[in-house]
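The values are calculated or read from the model by the stated rules, or taken from the named source; none is laboratory data. Quick caveat: nothing in here was measured; it's all calculated off a predicted structure. All Cβ positions, glycine included, derive from the backbone under ideal geometry; neighbour counts span all protein chains shown.
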């Protein structure tokens with residue numbers, strides 16, 4: 001058994017720490033696919049928008065919530081979110097084109113519907129958990145994130161996106177780094193506030209000789225529990241008289 005709990009997941013179990021350090025450049029071969037911590041894209045009705053595209057476990061395009069007119073603490077069913085889904089998909093499609101996953105951003109939903117993911121990030125804030133209505137305190141998170149997967153906001157936060165988000169938080173200059181508490185560089189624990197709670201990631205990045213970024217650690221807790229037991233019946237004829 002165990003007493004480790006995952007926000008948004010029922011029950012508790014024994015804690016297992018999984019390290020995703022080897023997943024940098026999972027889809028593009030580089031943790032910073034464009035070679036930059038910031039890229040600017042022109043989005044109809046929004047104008048020029050700063051994004052950070054990072055690839056660890058899965059590529060994610062990060063945008064500041066404020067740039068979309070959001071507080072960042074909205075939940076999956078918030079009307080402000082559902083009204084913005086088409087714009088979110090357009091930005092995601094544009095980032096897919098930038099990193100070479102599609103040639104036409106308007107076809108990203110058909111040709112690359114799952115990646116990159118898109119995440120909106122904002123500074124720490126109080127909000128109410130989507131799943132159980134608990135109060136999440138600003139002091140318990142290093143920043144707030146809302147990740148979109150398959151054209152919907154995730155009710156919690158996917159593991160692969162969490163790994164990428166933690167890495168982005170530690171890379172100076174990214175939009176995630178800009179909204180994160182500076183203490184993440186000292187603690188090397190990134191606490192992501194998602195719609196249903198908090199997911200902590202033990203993370204560390206470093207500089208490679210000659211430039212570039214190395215993901216040295218990206219570990220998070222999962223749970224293990226016994227799911228079955230049983231009996232095996234062995235015929236007596238298989239045993240000798242001895």
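Output the residues belonging to segment 173-206 that are at positive phi and out of contact with any strand residue (DSSP E or B) (no Cβ under 6 Å at 6 or more places or on another chain).
Within segment 173-206, 173, 197 meet the criteria.
In segment 48-88, what count of residues is obtained for those that are in a helix (DSSP H, G or I), in contact (Cβ under 8 Å) with a residue 24 or more places away in the chain and either under 19 Å from residue 30 (Cβ atoms) or more than 17 Å from the chain's Cα centre (by Cα) (or both)?
5
Kindly provide the set of residues from segment 160-188 that are surrounded by fewer than 18 Cβ atoms within 10 Å (Cβ to Cβ), modelled with pLDDT under 95 and under 20 Å from residue 24 (Cβ atoms), ordered by number.
185, 188, listed by residue number.
May I ask you to list the residues in segment 8-42 that are over 21 Å from the mean Cα position of the chain (by Cα), buried (at least 16 other Cβ atoms within 10 Å of the Cβ) and modelled with pLDDT of 95 or more?
Across segment 8-42, the qualifying residue is only 41.
If you go through segment 98-107 one residue at a time, how many are more than 20 Å from the chain's Cα centre (by Cα) and part of a helix (DSSP H, G or I)?
Residues that pass the stated criteria total 3.
Looking at (1) without any contact (Cβ under 8 Å) to a residue 24 or more places away in the chain; (2) farther than 30 Å from residue 128 by Cβ, which is the one condition that is false for residue 182?
(2)
Residues 144, 232, 179: which one is farther than 22 Å from residue 51 by Cβ and out of contact with any helix residue (DSSP H, G or I) (no Cβ under 6 Å at 6 or more places or on another chain)?
Only one candidate passes the filter, namely 232.
Please go through (1) without any contact (Cβ under 8 Å) to a residue 40 or more places away in the chain; (2) more than 13 Å from the chain's Cα centre (by Cα); (3) at negative phi for residue 225 and return the number of the only condition it doesn't satisfy.
For residue 225, the exception is condition (1).
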